[in-house]
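The next block holds one structure in the form of structure tokens; read it before the comments.
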Amino acid sequence: MYASVLTGLALLVAAPGPKDAPKKEPTIVGEWVGEKAMSAGMDLPVPKGGITITFTADGVLTVMEGGRARPEAGSYKIDAKKDPPEIDLIPPDTKKEPTVLGIYKIDGDTLTLCFDRGGGGGTRPKKFESAAGDSMIVMTLKRVKKD
């Protein structure tokens, strides 16, 4: 009996442990509330009534500023495989407004966006900074928790 207990114990110790669940990549999909923004090295005021940006799973982008939704939703495309991940913010009417090229990062419930406020034709940022004299905007948003 002692031998069978030792054999069982040895098998238990040698058996592989439970596999860790695959790490879930953070997603941009959801509702985000603006916390702060910076342009040309200076802090920008948060609009009265705040700003909320919603990214849907099917690529629709809506912005509420000051408690009012913009008249038409835009869209977005991301490339999460790039380093840093890239985002294109596409206005509803690309004939009137150009696509905005940017980068983003998600750290827990914080989303940081950086883009050229000059809009389309500008360059995609390489890092998350807005220095004096440049046209980059860095925005920090927090994910809205759903109950």
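The values are calculated or read from the model by the stated rules, or taken from the named source; none is laboratory data. On a predicted model such as this, the values are computed, not experimentally measured, just so you know. All Cβ positions, glycine included, derive from the backbone under ideal geometry; neighbour counts span all protein chains shown.
Quick notes on this structure:
- The single condition among (1) farther than 20 Å from residue 33 by Cα; (2) of a type in the set (Asp, Glu); (3) surrounded by 14 or more Cβ atoms within 10 Å (Cβ to Cβ) that residue 93 does not satisfy is (3).
- For the stretch 119-139, the set of residues classified as surrounded by 15 or more Cβ atoms within 10 Å (Cβ to Cβ) and either on the phi < 0 side of the Ramachandran plot or modelled with pLDDT of 95 or more (or both) consists of 120, 122, 124, 125, 128, 130, 134, 135, 136, 137, 138, 139, listed by residue number.
- Inter-residue pairs, beta-carbon under 6 Å, first aromatic (Phe, Trp, Tyr) and in the stretch 116-140, second at pLDDT 90 or above and surrounded by 15 or more Cβ atoms within 10 Å (Cβ to Cβ), 6+ apart: 128/112; 128/114; 128/138
- For the stretch 70-90, a residue qualifies if it is surrounded by 13 or more Cβ atoms within 10 Å (Cβ to Cβ) and more than 28 Å from residue 126 (Cβ to Cβ), and the qualifying residues are 70, 73.
- When 59, 66, 41, 49 are checked against the criterion of being closer than 20 Å to residue 124 by Cβ, more than 14 Å from the chain's Cα centre (by Cα) and not hydroxyl-bearing (Ser, Thr, Tyr), a single residue qualifies: 41.
- If you check 125, 98, 84 for being within 18 Å of residue 28 (Cα to Cα) and out of contact with any Ser or Thr (no Cβ under 9 Å at 6 or more places or on another chain), only one passes: 84.
- Boolean, residue 83 is modelled with pLDDT of 90 or more, under 24 Å from residue 128 (Cα atoms), among the acidic types (Asp, Glu) and under 14 Å from the mean Cα position of the chain (by Cα): yes
- Restricted to the stretch 47-61, and to residues there that are touching an Asp or Glu at 6+ places or on another chain (Cβ under 9 Å) and either of a type in the set (S, T, N, Q) or surrounded by 16 or more Cβ atoms within 10 Å (Cβ to Cβ) (or both), the residue that is farthest from residue 108 (Cα to Cα) is 51.
- Scan of the stretch 121-141 for residues that are farther than 20 Å from residue 34 by Cβ and either of a type in the set (Val, Ile, Thr) or touching a helix residue (DSSP H, G or I) at 6+ places or on another chain (Cβ under 7 Å) (or both), ordered by number: 123
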